[in-house]
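To start, the structure itself, in structure tokens.
Please treat every number below as a calculation from the coordinates, not as lab data. Because the structure is a prediction, the values reported are computed rather than measured. All Cβ positions, glycine included, derive from the backbone under ideal geometry; neighbour counts span all protein chains shown.
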Amino acid sequence: MTAVLAAASFIALAAGQAKAQTLTPAEEDAQKNFVEQQEAKSRLAIYGWIEAGFTGNVNAPKDNQNFGRLFDDRSNEFVMNQAVITAERVLDPKVGFDWGFKFQFMFGTDARFIHSLGLLDHTMRSSLYQPDIPEAYLSLHLPIFTAGGVDLKLGKFVTLEGAETIDPRTNPFYSHTYIFNFAIPFNHTGALFTLYATKWLNLLAGVTRGVNTSIDDNNDSAAFHGGIGLHLNEGKFVVSAATHIGPETPHNNHDLRYLNTITTTWKITDKLTSITDLNYTHDDGADASAYGVAQYLTYAISDKITAKIRGEIWRDAQGFFAAQFADPQDPIRALEGAPAIDPRTVGGGRTTYGALTIGLDIKPPVPKPLTGLTIRPELRIDHSFSDTQPFNDSSDDTMFTAAIDVIIGF
């Protein structure tokens, strides 16, 4: 009878036909649970976006490539980076035990670089345009241990590391940092636990098959992925420290690779935000290290226009990490350890890279059913502070680019 009364009261209130009334505590709890259950039923969302862009290189390299770039590697060429569709049921910790999932499909030029071993990694292998499944996981919320409880992801998910992501809607710029391109993973397959220890402290730990692996693994060894999240000053100062440790060299399950980032986001004012991304990466097998920092500042001129600047210094000490992939299949070949890599695929040598990027976010209004439109022009200069010439057909120590991309959400 209590549940029936709560349901009847909720329906009457929603229709504007009921007057204020006094409920017992048990009836109030039943009504609250009923409302939460109705909200939970509507948490299934299907959404997506399309991103396309153009990067102009003033030196017009003959190989049509911008060294040190991945998602914007094609010079003076229009590309459709991503066409993405996502089905997702997000967790709601208010309902106690809860379940969710996420399944995402992508088609575009970006998919070449984010493939995981064994999953669509040799589909349309000769084309710049390829399919991929960036995420496919089941999620659970368990109301245990603390007031915030524990979340579990089980399946394929994007990495915890870095200030930038595969999803272009969360990034300040069209182009990416050297840290994002070469010093952190893109995705993992495994299990990841998040303990909401306090209102300001999250602890994360899990086991994965490695960097960018799913059905197959290039050395059949597990790895650790985890970190710490701090949410201070009512969320205006957030620190995320993450690490991934495990063997990543093909056919070598002994030598470890350490990928580490500390990302700090500080909302200085309502309009001005600072993001600092620190990185250190080391591979035991190659005895190679890379490290650096990227600093972002964004300023909201209005609710439609945001100005941005990003500076980065990143050192590839042994010339092991940064590369330019000439063939669409070379990124996955390198991950597999295959010897048949295009000879035009080159590294940049022992180089300290610097990059400075300025740009705008322009978000004009859009009609339904579209959910958003973002236009992002940018200017960027890359420079080698070492005695190397990695840019423009391996002939220059400096590269100038001007780019623009458009993201349409639905």
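The alpha carbon centroids of the stretch 49-81 and the stretch 326-362 are separated by 13 Å.
Give the residue from 263, 244, 273 lying farthest towards the positive end of the charge dipole for the stretch 233-273; charges sit on Cβ (+1 for Lys and Arg, -1 for Asp and Glu) and the dipole is referred to the Cα centre. Final value for the positive-end residue is 273.
Taking the Kirkwood radius as Rh and the Cα radius of gyration as Rg, the stretch 341-410 has a ratio of Rg/Rh equal to 1.20. Can you spot the aspartates and glutamates whose alpha carbon is less than 20 Å from residue 199's alpha carbon? Ignore those fewer than 8 places along the same chain. Of all the aspartates and glutamates, those that pass the test against residue 199 - Cα under 20 Å, at least 8 places apart if same chain - are 92, 98, 151, 234.
Here the translational diffusion coefficient of the stretch 156-226 follows from Stokes-Einstein with Rh set to the Kirkwood radius across Cα pairs; for 4 °C and 1.567 mPa s it amounts to 96 µm²/s. Ignoring aspartates and glutamates fewer than eight residues from residue 236 along the same chain, the ones with Cα atoms less than 12 angstrom from its Cα are 270.
Might you report the magnitude of the Cβ-based charge dipole of the chain about its Cα centre, with Lys and Arg at +1 and Asp and Glu at -1, to the nearest 20 debye? If you can, show how the numbers build up before the last one.
Working: 32 positive and 47 negative charges, 264 e Å.
It works out to roughly 1260 debye.
Given the rule -39500 (n - 2.57) for each run of at least 4 DSSP H residues, summed and divided by the residues of the chain, what is its mean residue ellipticity at 222 nm, to the nearest 500 deg cm²/dmol? It would help to have the intermediate numbers written out before the result.
Working: 5 runs with 45 residues, N = 410.
Value at 222 nm, helices only: -3000 deg cm²/dmol.
Under a no-solvent Debye model with one identical scatterer per Cα of the chain, what's log10 I(q)/I(0) at q = 0.11 Å⁻¹? These q points yield log10 I(q)/I(0) values of -0.88.
Over 32 Å between Cα atoms, which of 62/368; 62/156; 62/267; 271/368; 94/308; 102/267 qualify? Don't skip to the answer; put the middle values down first.
Numbers: 62/368 43 Å; 62/156 38 Å; 62/267 43 Å; 271/368 28 Å; 94/308 36 Å; 102/267 29 Å.
Violating the 32 Å limit, Cα to Cα: 62/368; 62/156; 62/267; 94/308.
Report the local net charge at residue 108: Lys and Arg +1, Asp and Glu -1, summed over other residues whose C-beta lies under 11 Å from its C-beta.
Details: positive: 112; negative: 51, 110, 132.
With Lys, Arg at +1 and Asp, Glu at -1, the net is -2.
Take 394-401, 169-176, 362-369 and order them by the average number of nearby Cβ atoms within 10 Å per residue, most first; the result is 169-176, 394-401, 362-369. Electrostatic tally near residue 154: other residues with Cβ closer than 13 Å to its Cβ, Lys and Arg +1, Asp and Glu -1, net +2. For the chain, the relative contact order works out to 13 percent when only alpha carbon pairs closer than 8 Å and six or more residues apart are counted.
Sorted by packing (mean other beta-carbon atoms within 10 Å per residue), highest first, where do 43-50, 108-115, 131-138 land? Present the calculation step by step, with values, prior to reporting the outcome.
Numbers: 43-50: 14.2, 108-115: 23.9, 131-138: 19.2.
Output ranking for 43-50, 108-115, 131-138: 108-115, 131-138, 43-50.
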